[in-house]
Every structure is written in C-alpha cells, then in structure tokens.
Amino acid sequence: MKKVSSLLKRCCIVFLITVLAFSGLAFAAPSAQADTVKTVTIASGTIYATPMYIRDSGKPGPVVMIVGGVHGNEPAGYTAAAQVKNWDIKKGKLIVLPKANKKAVERRTRTYNGDLNRDFPQGKNQSADTALARSIWSAVKKYDVDWLMDMHEGYGYCKRTKSVGQSLIYYPNSTTQTMAKAIVNNLNKGISTSYKKFSLFKYPVKGSLARAAGQYLGVHAFIFETCDDPALSTRVKYQTKAANTLLSRLGMR
Ligand SMILES: [Zn+2]
C-alpha cells in the first residue's frame, strides 16, 4: 500500500512538472512578430542583376537603406552589408543591397563599365546614367527611403587629399549632421591613435548615390569610408558598428 501511494505521488509530481513546463512555454514566450524579408532584383534581366533584401518589421518607422559593393575592390562594405541584411529590426524597414555593382565585385575591381558612383543624377530632373544606376535610383524613390548609408573604402588615412579613408561624408542637413557626428564619435571612442580616427566631411562627390539622394530626394544620406590599412575583419567591424549606431539611434535595434 505504501509502495502504491509513493508511486502515485511520483506520478502526480511528474504530471505537475509537465503541465507547468508547457504552460510556461505558452505564456512566457509570447511569439514576437517576426520580420518578413522579401528579395527583389535590381537591374533585373541585365548582366548587372543583383539581389536587394527588404526586411519589414510590420511596424511603422524609418526606412533605412544600406548599400555595399558600389565599388568592387572595397570588400569591407559588401562584407558588412551581407551581415546587416540578417539583422532583426524592431520597427520600420531595413533595405540592404549588398553588391550594388555585382560585376565589379566579382572582378574585385573598382568599376565595371564606368564608375557607378558617378552615374547618379546631377540635376533635379535628371535621370541616372546607366540601367544599373537607374534601377537603384528608382528603388530609393519607390521605397521612400529616409536614411541611406553607402559603404565604401578609401586608401590610407589621408584627410580628403587623395583619399577619404576613415571618414563619414554626409549631405548636410541638421538631422543628418547630428546622426553623422554620433556615428563618428561612437567609432572614435574605440580608436586611440589620433590619425586613425574617423573624420567628418560634408558633400559626397557629385554623381554619387549619397549626393543625389541627399540633394534631390531629401534623404538623410552619407558615405561611410573605412581605410584599407587595418585587417578586413576590423574594417568590417567598423562598417557594422556604424550601421548599428544608425539603426540603434533610430530605435530600430
Ligand atoms: Zn568607393
């Protein structure tokens, strides 16, 4: 009789634990609404066709576009962008075009059939120069992009003489300037050698995606440049840190 009652007790305990475990699962982890990710093709049907990833949180918020691989010999940008496309966001939309100039990235050359970063409109009613630039430009308009970060790399740490290594170059308006300063300050906190710190510049070069988006569409746009001196892993870390600072300050991460 004693044996039977202890067996019964044990059964009850096991049953209770099972019930508690399942109810815990049901109530402790209300399923967070997952982002949806849609892939579209830029320059579809051409030799430049390249995927663009649109991550939608399902909640209202900013539309941020991150671009890498405009220049194919600047690997930190497209390597970082490929990571950013997998990031979860809390609100808004995150659009990532990791290999804007896929042909140049494949060849590891700066350009392919002309410099993509000079092909964007240089006048209010102008169109972009090439099929690839036109497709990227129409995506910026179609998705009503609020913020645009174009990931590049410079050569050396020079301060905009021959190169723009380790810098952020923004199209000036006060909101963009505040963000640009915050990104550069956050990066520089981790860099002790003064000539290696990031500099802040205004006015991305004419014909660049950031310049055209800032000037003609009112997008908060900037080019972010790492220097080719540190290891690729360090440069990728700088690029992702800049993107993360942008998204965090917008409340998206
Ligand atoms: Zn570049």
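The values are calculated or read from the model by the stated rules, or taken from the named source; none is laboratory data. Small disclaimer: the values here were computed from a predicted structure and weren't measured. Counting neighbours? That spans all protein chains shown, and the Cβs are built from the backbone with ideal geometry, glycine included.
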Residues within segment 103-122 that are of a type outside the set (D, E, K, R) and touching a residue at least 40 places away in the same chain (Cβ under 8 Å), tallied: 7
Scan segment 204-223 and give yes if some residue there is modelled with pLDDT under 95 and in contact with a strand residue (DSSP E or B) (Cβ under 8 Å, 6 or more places away or on another chain), otherwise no. no
Segment 108-132 - residue that is assigned to a helix (DSSP H, G or I) and either surrounded by fewer than 19 Cβ atoms within 10 Å (Cβ to Cβ) or at pLDDT below 95 (or both) and, of those, farthest from the chain's Cα centre (by Cα): ALA131
Step by step: first the residues of segment 81-107, then only those that are hydrophobic (A, V, I, L, M, F, W, C) and under 16 Å from TRP147 (Cβ atoms), then the one that is farthest from the ligand (Cβ to nearest atom). Which residue is that? ILE89
When you scan segment 61-71, do you find a residue that is in a loop (DSSP other than H, G, I, E, B), more than 11 Å from the chain's Cα centre (by Cα), in the same structural domain as THR234 (by TED's automatic domain parsing) and more than 16 Å from the ligand (Cβ to nearest atom), even just one? yes
Could you check, for segment 173-189, whether at least one of its residues is within 16 Å of the ligand (Cβ to nearest atom), assigned by TED's automatic domain parsing to the domain that holds LYS141 and either surrounded by 15 or more Cβ atoms within 10 Å (Cβ to Cβ) or under 30 Å from ARG134 (Cβ atoms) (or both)? no
Mind checking whether some residue in segment 194-205 is surrounded by fewer than 14 Cβ atoms within 10 Å (Cβ to Cβ) and without any contact (Cβ under 8 Å) to a residue 24 or more places away in the chain? yes
Please tell me if ALA76 is of a type in the set (A, V, I, L, M), more than 13 Å from the ligand (Cβ to nearest atom) and either touching a residue at least 40 places away in the same chain (Cβ under 8 Å) or surrounded by fewer than 23 Cβ atoms within 10 Å (Cβ to Cβ) (or both). no
Top-ranked residue in segment 219-243 [being more than 16 Å from the ligand (Cβ to nearest atom) and more than 12 Å from the chain's Cα centre (by Cα); ranked as nearest to LYS181 (Cα to Cα)]: HIS220
